[in-house]
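The values are calculated or read from the model by the stated rules, or taken from the named source; none is laboratory data. It should be emphasised that the depicted structure is a prediction, and the values quoted were computed from it without experimental measurement. Heads up, the Cβs are rebuilt from the backbone with ideal geometry, glycines too, and the neighbour counts pull from every protein chain shown. The accessibility values were calculated without ligands, DNA or RNA, using every heavy atom of the protein model including side chains. Shrake-Rupley method; radii C 1.70, N 1.55, O 1.52, S 1.80 Å.
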Amino acid sequence: MGTDDDNPTLVVYVNFLSDSSQYFVQHNLEDVVREYVLTGDLNLELRFLSYKPDDLDAYLVGDDEGEARAARAAHGVWDVEPENFWQFFEFMFWNFTTKTYTHARLESYMDLAGVRNITKIANRAYEDRYDSLVRSATDEAVRYGISSVPRVRLLRDHKHGNYSDILGWTQTRLDRVNAGSVSTHSLLPGTNHETPVHVIDSGKPGPTAFVVGGVHGEEPQGYHAADYIRHLRPTGGKLVVVPYANMPAVKIGARYTEDGDLNRQFPTGSEPTSKLARALWDELVSHDPDVVVDLHSSSGIYRYDGKVGQAVFSTPATPENAGNACDYVNEQYIDRSAYPSHYDFDWRGSLSGSRPLFVHKAYGDLRLPGYIVETTRKGTTLEDAVTWGVAVARSLLWQHEVYHG
């Protein structure tokens, strides 16, 4: 919920079987939405926390599957019929029950809330299609030290949702966000290569991350993921994102243009070999980053057909981070009912500076930790691949202490 993608985001953790979540939704959440969301100052995201952060096999509030089942149904409504999601959400909390959410009760609630595609949503939810998203909320809660609901988080700070001065608490965090800056300038302005560079500066000390997408124009998974990343807000340091690095190639959906393959124009130890490559490299150097992430996609799968999809390639600086990111996404984001095991991400520490690729040069010349993230276009939806790419990138940034809210 929100009016501007560039706004900071308040993350809300609730549970459909929690009476304190009901109170929060009916009272404090309405106040926050009225004072900050509808006025265009803040965006809002929901997390349905259904599993205990300290015990992933136990439920947070009840002692049965009902709360996770309800959370999966909510994800289904958002996925299939987003225009009716908030109506469904409101109905659930204004008709609150502590009884278990059976399949029949959820279908009845969807019907009464005006949801149309009930059978489609129910089938997806009951097949556990959205369980990885529900469990990922728990993983996120662990990262931020959240163990109960209702809870609100802005930046790294969080507070019980029924805190009496929730509006004052929110305003204090907004003031801190506004102390930083979000700016955009153009790379190679006035040319056919012109493309935006987004600089999100927290205004506080911390590391700098440089994220690139769109080096290859036939890889929309990469540039859509990078465009999502630019909406993150670091809690310290700076985030620099170039979502559409090779704009001419992106516009025609091609790997390269008459200028050649951009990702073969960065030789270690010497100047980049094209005007665009030099501009992109100069942009990176000007920000003196602590970590570089380059987002791509492949026509195949690394552990299945020898292509490079579903893999994270790292420089020798921090290969263990790539492995951790792969494990995280495999456990939390790969839907086992939709994708066989060879869709799991794998990692290799092979970006040593020996080839004229952007991240190779980042290590070869600057010894920077860097990663190439490759999702696959083979048998996947664009939405799934973008979700995986964003999740890998966020995990990598987190491990480099680029904390974000």
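Looking at (1) open to solvent by less than 50 Å² (accessible area, probe 1.4 Å); (2) in a strand (DSSP E or B); (3) farther than 17 Å from Tyr228 by Cβ, can you tell me which one Trp347 breaks?
(1)
Give the residue that is most open to solvent (accessible area, probe 1.4 Å), with candidates limited to residues of the stretch 128-144 that are farther than 19 Å from Glu383 by Cα and not β-branched (Val, Ile, Thr).
Only one residue fits best here, namely Arg143.
Somewhere in the stretch 15-29, is a residue in contact with a helix residue (DSSP H, G or I) (Cβ under 6 Å, 6 or more places away or on another chain), closer than 14 Å to Pro150 by Cα and among the β-branched types (Val, Ile, Thr)? I'd like the intermediate steps shown before the answer.
Restricting attention to the stretch 15-29, the residues satisfying the condition of being in contact with a helix residue (DSSP H, G or I) (Cβ under 6 Å, 6 or more places away or on another chain) are 15-17, 22, 25, 28.
In the following step, the residues that additionally are closer than 14 Å to Pro150 by Cα were identified as 15-17, 22, 25, 28.
If we keep only those that are among the β-branched types (Val, Ile, Thr) as well, we get 25.
Checked the stretch 15-29: at least one residue is in contact with a helix residue (DSSP H, G or I) (Cβ under 6 Å, 6 or more places away or on another chain), closer than 14 Å to Pro150 by Cα and among the β-branched types (Val, Ile, Thr).
Quick one: what pairs do we get from the stretch 377-405, first residue in contact (Cβ under 8 Å) with a residue 12 or more places away in the chain and under 19 Å from Arg156 (Cα atoms), second polar (S, T, N, Q) and open to solvent by 20 Å² or more (accessible area, probe 1.4 Å), C-beta under 6 Å, 6+ apart or different chains?
That search, which allows pairs on different chains as well, returns Tyr403/Thr235; Gly405/Thr235.
Looking only at the stretch 205-244, filter to residues that are aliphatic (A, V, I, L, M) and more than 14 Å from Val373 (Cβ to Cβ); which one of those is surrounded by the most Cβ atoms within 10 Å (Cβ to Cβ)?
Here the residue is Leu239.
Which ones in the stretch 193-204 are within 19 Å of Arg156 (Cβ to Cβ) and buried (at least 21 other Cβ atoms within 10 Å of the Cβ)?
Answer for the stretch 193-204, where residues must be within 19 Å of Arg156 (Cβ to Cβ) and buried (at least 21 other Cβ atoms within 10 Å of the Cβ): Ile200, Ser202.
Could you give me the residue pairs with C-beta distances under 7 Å whose first residue belongs to the stretch 224-238 and is of a type in the set (Gly, Ala, Ser), whose second residue is part of a loop (DSSP other than H, G, I, E, B) and modelled with pLDDT of 95 or more wherever it lies, and which are 6+ apart or on separate chains?
Close Cβ pairs (under 7 Å, with a partner that is part of a loop (DSSP other than H, G, I, E, B) and modelled with pLDDT of 95 or more) amount to Ala226/Gly214; Ala226/Pro243; Gly237/Pro207.
Among residues belonging to the stretch 308-324 that are surrounded by fewer than 21 Cβ atoms within 10 Å (Cβ to Cβ) and in contact (Cβ under 8 Å) with a residue 12 or more places away in the chain, point out the one that is nearest to Leu133 (Cα to Cα).
Filtering the stretch 308-324 down to residues surrounded by fewer than 21 Cβ atoms within 10 Å (Cβ to Cβ) leaves 308, 316-320, 323-324.
Still in the list and also in contact (Cβ under 8 Å) with a residue 12 or more places away in the chain: 308, 316-319, 323-324.
Numbers: Val308: 25, Pro316: 31, Ala317: 31, Thr318: 27, Pro319: 26, Gly323: 21, Asn324: 18 Å.
Ranking the qualifying residues of the stretch 308-324, first place goes to Asn324.
Specify which of the listed residues (Asp384, Asp327, Asp305) is of a type in the set (Asp, Glu), crowded, with 17+ Cβ neighbours inside 10 Å and more than 29 Å from Ser286 (Cβ to Cβ).
Result: Asp384 is the single residue among Asp384, Asp327, Asp305 that is of a type in the set (Asp, Glu), crowded, with 17+ Cβ neighbours inside 10 Å and more than 29 Å from Ser286 (Cβ to Cβ).
Hey, among Pro356, Pro272, which residue is open to solvent by 20 Å² or more (accessible area, probe 1.4 Å), in contact with a Phe, Trp or Tyr (Cβ under 9 Å, 6 or more places away or on another chain) and either under 24 Å from Thr138 (Cβ atoms) or in a loop (DSSP other than H, G, I, E, B) (or both)?
Every option except Pro356 fails the conditions.
Among the residues of the stretch 387-405, how many are open to solvent by 10 Å² or more (accessible area, probe 1.4 Å) and hydroxyl-bearing (Ser, Thr, Tyr)?
Total satisfying the criteria: 2.
Select from the stretch 366-381 the residues that are open to solvent by less than 60 Å² (accessible area, probe 1.4 Å), of a type outside the set (Gly, Ala, Ser) and more than 18 Å from the chain's Cα centre (by Cα) and list them in ascending order. Let's see the steps before the verdict.
Taking the stretch 366-381 and keeping what is open to solvent by less than 60 Å² (accessible area, probe 1.4 Å), we get 368-376, 380.
Checking the rest, the ones that are also of a type outside the set (Gly, Ala, Ser) come to 368-369, 371-376, 380.
Of everything in the stretch 366-381, those that are open to solvent by less than 60 Å² (accessible area, probe 1.4 Å), of a type outside the set (Gly, Ala, Ser) and more than 18 Å from the chain's Cα centre (by Cα) turn out to be Leu368, Pro369.
Among (1) at pLDDT below 95; (2) open to solvent by less than 10 Å² (accessible area, probe 1.4 Å); (3) over 15 Å from Lys378 (Cβ atoms), where does Pro289 come up short?
(1)
For the stretch 310-327, indicate whether the set of residues that are of a type in the set (Asp, Glu) and under 15 Å from Trp388 (Cα atoms) is non-empty. If you could, list the steps in order and put the result at the bottom.
Keep residues of the stretch 310-327 that are of a type in the set (Asp, Glu), which gives 320, 327.
From the residues that got through so far, the ones that are under 15 Å from Trp388 (Cα atoms) too are 327.
For the stretch 310-327, residues of a type in the set (Asp, Glu) and under 15 Å from Trp388 (Cα atoms): present.
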